[in-house]
Amino acid sequence: MKKKLIIVGSGLQAKILAFEIVYSKKINVIGFFDPKNKNLKKILIQKKQIPIYSKIKKMNNIFFIIAIGDNFTREKIRNEMESRYKKINWYTYISNETLISKNNIIGKGSIVMKGSIINSNCKIGEHCLINTGSIVEHDNIFKDFSSIAPGAITNGSVIVKERSHIGSGSVIKNNIKIEKDVVIGIGSVVTRNCSSKKIYFGNPAKSIRIRKINEKYL
């Protein structure tokens with residue numbers, strides 16, 4: 001019998017992930033969990049009507065994955081769910097259409113979308129988002145709740161700390177450290193280390209302003 005999965009969230013990221021998982025047939029998606037979504041009751045995915053739950057009554061033998069693009073929000077939801085429920089089985093999704101070296105470590109609750117490449121000796125933390133067609137080169141470290149957008153590239157030995165985000169099409173030079181809560185703007189080229197809580201943009205990327213806590217970037 002297949003494992004049962006509930007996807008936390010019901011927005012675009014959740015729908016895209018659900019489409020991939022249903023197609024892959026790796027695990028049985030039984031529902032979305034979104035207490036704030038009061039307009040929809042079901043979402044059609046691959047000709048399958050999947051219900052949206054506002055409450056969770058049973059936790060036994062069910063896995064969960066948070067499919068929300070915003071890093072701050074993923075962390076907040078993880079904390080809320082783990083404080084409310086005694087035990088949660090977090091599911092890690094890795095698309096069949098990826099190239100991932102066998103000596104990598106990928107933390108629980110993380111999502112690796114199709115077309116992405118993760119080269120040797122990388123450590124991907126918990127609840128990270130490695131998006132479509134991104135390239136994570138050798139010896140990278142992505143800390144918990146960090147993310148890389150479609151088409152972005154991190155060269156060798158890059159460190160991306162908690163809740164930081166690398167925008168679409170950006171390129172990060174080798175041996176760069178990106179501190180906590182940083183946003184790298186779309187199409188930027190990062191050649192120097194990035195300080196925490198700042199937004200970087202351009203070629204070469206420069207700090208353009210301070211990043212506000214919980215500021216939306218997607």
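Taken together, the values in this text are just the output of simple stated rules run on the coordinates, not laboratory data. For clarity, every value in this text was computed on a predicted model and none was experimentally measured. Cβ: placed from backbone, ideal geometry, glycine included. Neighbour counts: every protein chain shown.
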>> Give the average over all directions of the projected area of the C-alpha convex hull of the chain, one decimal, in nm².
In response: 11.8 nm²
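Taking every DSSP beta bridge with both residues inside the chain, roughly what % is antiparallel (nearest 5)? Walk me through the intermediate numbers first.
Details: 9 of 54 bridges.
Percent antiparallel among DSSP bridges in the chain is about 15.
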> Short version: ³J(HN,Hα) in whole Hz for each residue of the range 165-170, in order, from phi by Karplus 6.51 cos²θ - 1.76 cosθ + 1.60 (θ = phi - 60°), x for Gly and Pro, what are they?
Replying inline: 10, 10, x, 3, x, 6
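What order do you get for 88-95, 25-32, 6-13 when each peptide is scored by the mean count of other beta carbon atoms within 10 Å, highest first?
Working: 88-95: 18.8, 25-32: 17.1, 6-13: 20.8.
Top of the packing list down: 6-13, 88-95, 25-32.
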>> Please list the three semi-axes, largest first and in whole Å, of the ellipsoid equivalent to the range 93-205, using sqrt of 5 times the eigenvalues of its alpha carbon gyration tensor.
In response: 20, 14, 12
> With no solvent and one point on each alpha carbon, what is the Debye value of log10 I(q)/I(0) for the range 163-218 at q = 0.13, 0.15, 0.19, 0.21 Å⁻¹?
Replying inline: -0.25, -0.33, -0.54, -0.66
> Between the range 125-142 and the range 13-66, how many Å separate their Cα centres?
Replying inline: 24 Å
> For the chain, what is the mean residue ellipticity at 222 nm derived from helices alone (per DSSP H run of n ≥ 4: -39500 (n - 2.57); sum divided by total residues; nearest 500 deg cm²/dmol)?
Replying inline: -4000 deg cm²/dmol
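Sorted by average packing, counted as other Cβ atoms within 10 angstrom per residue and highest first, what order do 51-64, 156-169, 110-123, 198-211 take? List each step's numbers first, then the result.
Working: 51-64: 13.4, 156-169: 22.1, 110-123: 20.2, 198-211: 16.2.
In descending order of packing, they fall as 156-169, 110-123, 198-211, 51-64.
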>> List the residues, sorted by chain then number, that are 5 or more residues from Asn89 or on another chain and whose placed amide H is less than 5 Å from its amide H.
In response: Phe64
> Karplus couplings for the range 6-13 from phi (6.51 cos²θ - 1.76 cosθ + 1.60, θ = phi - 60°), rounded to Hz, Gly and Pro as x?
Replying inline: 10, 8, 7, x, 9, x, 4, 4
